[in-house]
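Here the structure comes first, spelled out in structure tokens, and everything after it is commentary.
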Amino acid sequence: MEDRVKHTYRTNLYEFVKDVLVVCPNCAGKAVVHTGEFHTMQHDRNAVKLVCPACGFNKVLEGIGHRQDKKQKRGTILKFGAPIDPFFHLPVWLQADFSGEILWAYNLEHLEFLAQHVGAKLRERNGFAFNVRSIGARLPRWMTAAHNREAVLKAIDKLRDDKGG
Ligand SMILES: [Zn+2]
């Protein structure tokens, strides 16, 4: 059962790895990591590309993939579940401090998902039947804690207003 939950969580997180908004390493503006069809797991090594519309910086990721061979020195280690893009490990653009925790999302779609989920928890508390599954069950406790939810929703709104444009 635990394995199934983990698997579902991973699958869902991958779904949000489409275009990831990141801080440009060159100008600190808003850059995008284009991931091609990564979320369908049919990525190829030239599909992942960092592009900054503000300064023109761009970079293609080389050697993508999980390390198959332990002796393999090359290759990118993909990191998920942290406020960095999984490929270049740059800080995500959409992040904000929340009482010492980091509220973050890969992109606006992901941010919207978080808002909906935290909102759903609120509705659930108010008597709505709402099936909370998969990724939701793995959100950090501070995000879904009853006493935090309304403040988290406000923080998500603010993040969207500040950086979503
Ligand atoms: Zn730039």
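The values are calculated or read from the model by the stated rules, or taken from the named source; none is laboratory data. Since the model is a prediction, treat every value here as computed from it, not as a measurement. Neighbour counts are summed over all protein chains in view; Cβ atoms, including those assigned to glycine, are modelled from backbone coordinates with ideal geometry.
Looking at (1) of a type outside the set (Ser, Thr, Tyr); (2) farther than 15 Å from VAL20 by Cβ; (3) at pLDDT 85 or above; (4) surrounded by 14 or more Cβ atoms within 10 Å (Cβ to Cβ), which is the only condition ILE135 fails?
Status for ILE135: all satisfied but (3).
Would it be correct to say that LYS49 is within 16 Å of the ligand (Cβ to nearest atom) and modelled with pLDDT under 95? Show your work before the answer.
Details: within 16 Å of the ligand (Cβ to nearest atom): yes; modelled with pLDDT under 95: yes.
In short, yes.
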